[in-house]
Amino acid sequence: MVPTIYHFLLLGSHRADFICFGNKKGDQETEEEENIPELEVIRLSEIAPTELGDLELWNMLYSVASGALSKVTTSKKPITKRGIAVLNLAMSCPNQKLECLELDRTGLDIAGARALASYLPSMLARLNLDGNQIGDDGAADIVANLPSTIQLLWLDGNGISDAGAIAIAPRLPASLRSLTLNGNQIGDPGVRALASWLPRSLDTLFLNANRIGDLGAKVLAARMPPRLTRLSLSGNQIGGSGISAIVSSLPKSVAQLWLKDNPYGPIGTLAILGSWFATSAKIYW
């Protein structure tokens, strides 16, 4: 059953010491926690001072629950399990209208990602979880629970390996337009899986600083989405044959291609120079 807010008090800079959630009908307000049966009580004192400031958190919670806020940004502010629990409760409220959720570099771990996944808003279009520690399992749970409205997804620097890429690939929503997986540990097996399941609507794919080699690059070259406009493969392990496959297979829609810091040697260099006459894409190499 969806939890509903029953007690929330903000008076200028002053605030109630606790907030109650539950399914009991009525608008009962009380100063005594014991007098509110069957409700979950979260005390402000239980929120660590190092995480998102409590007043800021409660103001955000109220705005989300009331439908007044369509974007939540807590970038670079550590958020604990308690903070995630509070945010999840707010996102469960029927009036919420969240379309953008930015929790990058907040210290979110696998357990936090799993908890968050079950409460992702039904109208969510943008989700940024860059620079966290969600790993393969956390990424799989998040992607498996993405709503059909999702368009932009950032999962940079989360320790996602081939296993994680293989797990999320078949679950990528058809609505997805942008996917960034920079700074992970994805090699040829992972990129082969991703290439097999990339949505046709995808226009941006960033895979910088992974472990992609020639084999993975060749599979990606053969299966690039038809609407792709930006592709970034810098900082991988792609040699001359892989680079040649990429530049010779670019869809006409591609406007920008990043290939820096790959060991492609003379063969790759010649392929890039030769592509200038065959593509209008701007290549950064």
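The values are calculated or read from the model by the stated rules, or taken from the named source; none is laboratory data. Worth saying up front: this structure is predicted, and the values here are computed from it rather than measured. Glycine also receives a Cβ, built like all others from the backbone with ideal geometry; neighbour counts cover every protein chain displayed. Each accessible area value is taken on the protein alone, full model and side chains, heavy atoms only, with ligands, DNA and RNA left out. Shrake-Rupley method; radii C 1.70, N 1.55, O 1.52, S 1.80 Å.
General observations
- Flag for Ser196 being of a type outside the set (Phe, Trp, Tyr), more than 14 Å from the chain's Cα centre (by Cα) and at pLDDT below 95: no
- Long-range neighbours under 7 Å by Cβ, at least six apart or interchain, first residue closer than 18 Å to Leu181 by Cα within region 222-249, second open to solvent by 10 Å² or more (accessible area, probe 1.4 Å) and among the aromatic types (Phe, Trp, Tyr): Ser232/Phe206; Ser232/Trp258; Leu233/Trp258; Ser234/Trp258; Ile238/Tyr264
- Candidates in region 221-251 are the residues that are polar (S, T, N, Q) and over 26 Å from the mean Cα position of the chain (by Cα); of these, the one that is most open to solvent (accessible area, probe 1.4 Å) is Ser248.
- The C-beta contact set for region 104-120 (first residue in a helix (DSSP H, G or I), second residue among the basic types (Lys, Arg), distance under 8 angstrom, 6+ apart or interchain) comprises Ala111/Lys81; Gly112/Lys81; Ala115/Lys81.
- Matching residues, region 166-177, being of a type outside the set (Lys, Arg) and surrounded by fewer than 18 Cβ atoms within 10 Å (Cβ to Cβ): Pro170, Pro173, Ala174, Ser175
- Restricting region 252-269 to residues that are surrounded by 14 or more Cβ atoms within 10 Å (Cβ to Cβ) and of a type in the set (Ser, Thr, Tyr), the residue that is nearest to Lys282 (Cα to Cα) is Ser253.
- Scanning region 177-218 for residues that are among the small types (Gly, Ala, Ser) and farther than 26 Å from Arg105 by Cβ yields a total of 7.
- Selection from region 178-193 of residues that are part of a helix (DSSP H, G or I), farther than 24 Å from Thr149 by Cα and either among the small types (Gly, Ala, Ser) or without any contact (Cβ under 8 Å) to a residue 12 or more places away in the chain (or both): Gly190
- Conditions (1) outside any helix (DSSP H, G or I); (2) touching a Leu at 6+ places or on another chain (Cβ under 7 Å): number failed by Ile243: (1)
- Top-ranked residue in region 265-281 [being in a loop (DSSP other than H, G, I, E, B) and of a type outside the set (Gly, Ala, Ser); ranked as farthest from the chain's Cα centre (by Cα)]: Phe277
- When region 141-159 is limited to residues that are more than 9 Å from the chain's Cα centre (by Cα) and closer than 19 Å to Leu202 by Cα, the one that is surrounded by the fewest Cβ atoms within 10 Å (Cβ to Cβ) turns out to be Ser148.
- One residue from Ala65, Ala117 being open to solvent by less than 50 Å² (accessible area, probe 1.4 Å), touching a helix residue (DSSP H, G or I) at 6+ places or on another chain (Cβ under 6 Å) and at pLDDT below 85: Ala65
- Filtered residues of region 121-133 (kept if assigned to a loop (DSSP other than H, G, I, E, B) and either modelled with pLDDT of 90 or more or surrounded by fewer than 18 Cβ atoms within 10 Å (Cβ to Cβ) (or both)): Ser122, Met123, Leu124, Ala125, Leu129, Asp130, Gly131, Asn132
- Contact map, region 194-205: residues that are on the phi < 0 side of the Ramachandran plot and buried (at least 20 other Cβ atoms within 10 Å of the Cβ) paired with residues that are assigned to a strand (DSSP E or B) and not aromatic (Phe, Trp, Tyr), Cβ distance under 6 Å, separation 6+ or inter-chain. Pairs shown: Leu205/Leu179; Leu205/Leu231.
- Options Asn132, Asn145, Asn128; residue that is of a type in the set (S, T, N, Q), in contact (Cβ under 8 Å) with a residue 12 or more places away in the chain and within 17 Å of Ser178 (Cβ to Cβ): Asn128
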